[in-house]
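The block underneath contains the structure these notes are about, expressed in structure tokens.
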Amino acid sequence: MRLNSLAVRLIAAAALWSLVVLPIAGYLLSSFYRTQIEQDFDIRLGDLMSLLQLASASGDGSPPRKPAEFGDLLFNLPVANGWYWQIEPFDSRNQNWRLLSNSLTGQPLKLPPPSGLSNPSDSGVLYNHRLPDGQRLRVNQIRVQDSSGETPTDYLYTITGNRDEIDQAVANFAFYLGMSLGVLGLGLLALTLLQVRFGLQPLRKIENGLARIRSGEADRLEGELPVEITPLQTELNALIKSNQDIIERARTHVGNLAHALKTPLSVIMNEARTSENQLASKVNEQAQVMRDQINLYLDRARMAARTGVIGGVTEVEPVVAGLARALSRIFEERQLSFEIDCPADLRFRGERQDLEEMLGNLMDNACKWASGVVALKASRVDSEIKGEAAALVITVDDDGPGLSPDQRQMALKRGRRLDESKPGSGLGLSIVGDLAELYQGSFDLADAPLGGLRARLVLPAA
């Protein structure tokens, strides 16, 4: 697929959506999940705090007592796992006792002085803390006042949870979420590719149909297409028909014009030849110039009309073989040898009469100057013509005297003859050049391997 194509644009849009929107969605979902799991974690710590207060309350004015079993077993394991509880007097000056969970293994938590607990009625505080050994804790602290005794006493209740569990849960969620979104993104790309191939298939049919028309295998765009593309099919067929009609009218008008102009000119020239005066001679001379100019522009008009036909295709080998047979009979006295190398499957994308005119001029010119050999080679190559997939290259060589570079340039000029001893009008090579140019091809002269002149013709291949 080319970069500038509908398929690439649709696939690129799907890829851009997958690469931009899905990561953003993943980030937002991970953020929402982290927020939710942190809220659940804090609620869990709050519930454990309530249980700790109930389990440790003495109810007789004595200090809180250590519950025999409390909450999660993680608090009872003598392992530094981040799940701890601690009860101590709120007044830091009265630290003669503390109640510690078994998981603290007799070592009290070293936490910063509590803030935000100026009154026992405060709801408590939640914050993150890192211990010197690297443990990351989520801390829940509350100030509790015991009024059951003679003197109210405030206690600081602390419960901590392992914050690494939050990060681990979020990391696991992010991993599976990333895997899921990645599979979703690949699925979207695969589905887009399938949709593109299926959805653009009618355009491929149109491309193949137009190629058949261009190659001469069909004269209109056939087949059933989706309703959205049917108007395009109708307009294309109408355009092709209109083009054919215009070309046919142009041919008719060119023929009529040629007949209308040539007949009066012939009468003028015949009348001028019957007189011997200077005026008659001048009239005859200018009438001949007018005839040459009319022939020139009528030839170009006919060639332009033929090259504008859509779908013209000509087999090359039969044209070459027919010209070789005809020229061998014309130059039979000189016993010329024709060396033809032309594959049978070569086809010229154009009118047969144009190919015959070009090759006829080149082979006739080679026969006039050849000493004994005329060689023609035709082949299909990668396109040297803009907008064409392939090109047809034909070379015509002879073993004659050849031409110098300056003479080659002069030979291509219309009506210029380098040797008056040979028959001809001097228009042949110029006509070949004009026709090749109309077909967007090229024509040039060079030295031939046989020693004479090489004519190289590049035309569009079908």
Response to the item:
Of the residues in the stretch 434-458, those that are touching an Asp or Glu at 6+ places or on another chain (Cβ under 9 Å), at pLDDT 85 or above and of a type outside the set (K, R) come to G441, S442, F443, A448, P449, L450, G451, G452, L453, A455, L457, V458
Fill in: Among residues of the stretch 6-30, those that are over 30 Å from R197 (Cβ atoms) and surrounded by 12 or more Cβ atoms within 10 Å (Cβ to Cβ), counted
3
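For (1) at pLDDT 90 or above; (2) within 24 Å of G433 (Cβ to Cβ); (3) surrounded by fewer than 20 Cβ atoms within 10 Å (Cβ to Cβ), each residue gets a yes or a no:
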| site | (1), (2), (3) |
| --- | --- |
| G311 | no, no, yes |
| V319 | yes, yes, no |
| G322 | yes, yes, yes |
| E333 | no, no, yes |
| F338 | yes, yes, no |
| C342 | yes, yes, yes |
| D345 | no, no, yes |
Item to complete: Answer yes or no as to whether R249 is under 30 Å from L346 (Cβ atoms) and free of Cβ contacts under 8 Å to residues at least 24 places away in the same chain.
Response: no
Fill in: Hey, L22 at pLDDT 85 or above, assigned by TED's automatic domain parsing to the domain that holds P112 and in contact with a Gly (Cβ under 9 Å, 6 or more places away or on another chain) or not
yes
Worksheet item: Taking the stretch 69-97 as the search range and keeping residues that are more than 17 Å from I142 (Cα to Cα) and surrounded by 18 or more Cβ atoms within 10 Å (Cβ to Cβ), which one is modelled with the lowest pLDDT?
Response: G71
Response to the item:
Residues in the stretch 264-290 that are at pLDDT below 75 and within 30 Å of A436 (Cα to Cα) total 1
Worksheet item: For the stretch 244-256, how many residues meet the condition of being surrounded by 11 or more Cβ atoms within 10 Å (Cβ to Cβ) and at pLDDT below 75?
Response: 9
Worksheet item: What pairs come up if the first residue lies in the stretch 70-81 and is within 11 Å of L104 (Cβ to Cβ), the second is in a helix (DSSP H, G or I) and at pLDDT below 85, and their beta carbons are under 6 Å apart, counting only those six or more places apart or on different chains?
Response: N81/L74
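The values are calculated or read from the model by the stated rules, or taken from the named source; none is laboratory data. This structure is a prediction, so every number in the text was calculated from the model and none was measured. Because the Cβ atoms are built from the backbone with ideal geometry, glycine has one as well, and the counts that use them run over all protein chains shown.
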